[in-house]
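The numbers here are math on the coordinates, done by the rules we state, and not lab data. Keep in mind that this is a model prediction, so the values were computed, not measured. Glycine also receives a Cβ, built like all others from the backbone with ideal geometry; neighbour counts cover every protein chain displayed.
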Amino acid sequence: MKLPTTLFLFLACCVFANTQAPIPELKNPPVENGGEYIYRDEACVPPALRNQIVQMLTANRAELVEQGILQEHPPRMIVSFEWPVVNAPGNHWNNSWGISNFVDQDLTSGLEDYECFARTYDGHKGTDIFTWPYPWYLKDNDLVYVVAGAPGTIIAKHDGNEDDHCSCFGTWNAVYIEHADGSIAWYGHLKLGSLTTKSVGETVTTGEYLGVVASSGCSTGPHLHLEVYDDDIYNYDHLIDPFSGPCNDFNASSWWVDQLDYREPKINTILTHDTPPVHGCPSPNEFPHFDDIFIPGETIYTAAYFKDQLAGTTVNYELLRPNGTSYTTWSKDFVNTYNASWWYYFWTFPNDGPFGTWKFKATYQGETVEHPFQYLEEEPPPEEEVPGVGIGTSDPLTELHLHDGALYIDNAAKGIILKGENGSCYLLKVDTGGALVAELLDDCPE
Ligand SMILES: [Zn+2]
């Protein structure tokens, strides 16, 4: 359940830390809105699905052992994970995820995570990594990938299930990977149809694409559920909590190459909006109201989105004019610690400018994030419509456009054939990681 909470509405009055004389044109001190964003999942893998998964994994594994693809009793080694959630190419946000739930170490009805706090829910056997902000925008546009934390063999895949759930029902989409030492990782709640095209029995490397973060199955919003076992026996004796800490009773050492701190305070992104954004579930109830172009008389909303905002820390903000000079600065002291939060401020800029590209800037925990936006005298003319050129049929699969001066080929999934100077033909394709791959063709097409 995701509850956008507008907890605070108060004047952060007169916090202009400028040493310059007061800026006459600055009419409105920043009014603050926003608050905690709660992502609370309840039961990532209900018992019926868990039984189904275990049966499938056991059967698949037996078959892969018989085929000689897996060893029945592989040697014990140490598996270390890289972080399994990454920005997709084209996602330039500073960070796009937070952690809502760790493994529940308390086998009774109590809650305890590896650090002896209660950032978990009862009986949780995995780590929940949720996307933030605008998880539905991110999901719909394939902007956050799940990647393999460690190399291994795909031992099962679950696909074909809807991925826009806001509560617990149905079956998830997932990829299950066995590592060289026989330990097994479940990557669940993936986007319908987004799963790696590799088949059961094929291997993946660390960081390799597995799917898109979504909300399939028992899920209240887009997140990855990562569940790990040290063997193909799926009970508490074999459950792994990848995070090492004083209250991890499952395993002594960390399963991360580089274990993150319990709290990693960070700006996920800063944005501008033309209307206060609305967080909701699923897509039709989420209204990001992104806008980067404003004219006199319009209200400009500058918003910052955090993960692990930490009590006792401060974020510093600045608005910069097109010539780079400071328009105003302000700051906010955090009094609470939240898994995720957002804070926004609204402005009406002077009617006489200055016009051009402004910058909204935020500095938190030594990291500075910038967001440019346009303040223009009048609405820019609508982008000139250049008709697309269809290829092949009257209802073309592939279209060529000019976009902002660049040649844009919509749906070039099958590739582009280029004939070289030597007369050979090469098929160029972009893989899911954005890399260009060229393949020499035996013959050039007629
Ligand atoms: Zn979970």
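On the beta carbon distance between Asp249 and Val31, with R0 = 51 Å, the FRET formula returns roughly 0.60. Which residue, Asp261, Asp237, Asp106, tops the fluctuation ranking in a GNM of the chain built on C-alpha contacts under 10 Å? Per the Cα network of the chain with a 10 Å cutoff, Asp261 tops the list. Ranked by the mean number of other Cβ atoms within 10 Å per residue, highest first, peptides 285-294, 179-188 order as 179-188, 285-294. For Lys266, the lysines whose Cα comes closer than 28 Å to its Cα, not counting residues fewer than 8 places off in the same chain, are Lys2, Lys125, Lys139, Lys191, Lys307, Lys332, Lys359, Lys361. Selection among Pro354, Ile240, Phe294 by position relative to the dipole of the stretch 224-357 gives Pro354 as farthest towards the positive end (Cβ unit charges, Cα centre). Note on the stretch 239-377: with charges restricted to the Cβ of Lys and Arg (+1) and Asp and Glu (-1), its dipole about the Cα centre is near 220 debye. On the beta carbon distance between Asn141 and Asn316, with R0 = 35 Å, the FRET formula returns roughly 0.70.
The dipole here belongs to the chain: it is taken about the Cα centre, uses +1 on the Cβ of Lys and Arg and -1 on the Cβ of Asp and Glu, and is about 820 debye. Between Ile69 and Ser199, the modelled label-to-label distance comes to 0.8 nm, taking each label 7 Å out from Cα in the direction of the beta carbon.
Orientation-averaged projection of the chain equals 27.1 nm² [convex hull of Cα atoms, one quarter of hull surface area]. Toward the positive end of the charge dipole of the chain, with +1 on the Cβ of Lys and Arg and -1 on the Cβ of Asp and Glu, the farthest Cα among Thr196, Trp83, Tyr176 is that of Trp83. Model label points for Thr299 and Leu107, set 7 angstrom from Cα along the Cα-to-Cβ axis, are 5.5 nm apart. Note on Lys198: lysines with a C-alpha under 19 Å away, same-chain residues under 8 apart excluded, are Lys157, Lys414, Lys429. Select from Ser216, Gly434, Gly34 the residue farthest towards the positive end of the dipole of the chain; place +1 on Cβ of Lys and Arg, -1 on Cβ of Asp and Glu, and compute about the Cα centre. Of the candidates, Gly34 comes out farthest on the positive side. Note on the stretch 40-240: Kirkwood hydrodynamic radius from all Cα pairs is 16.9 Å, rounded to one decimal.
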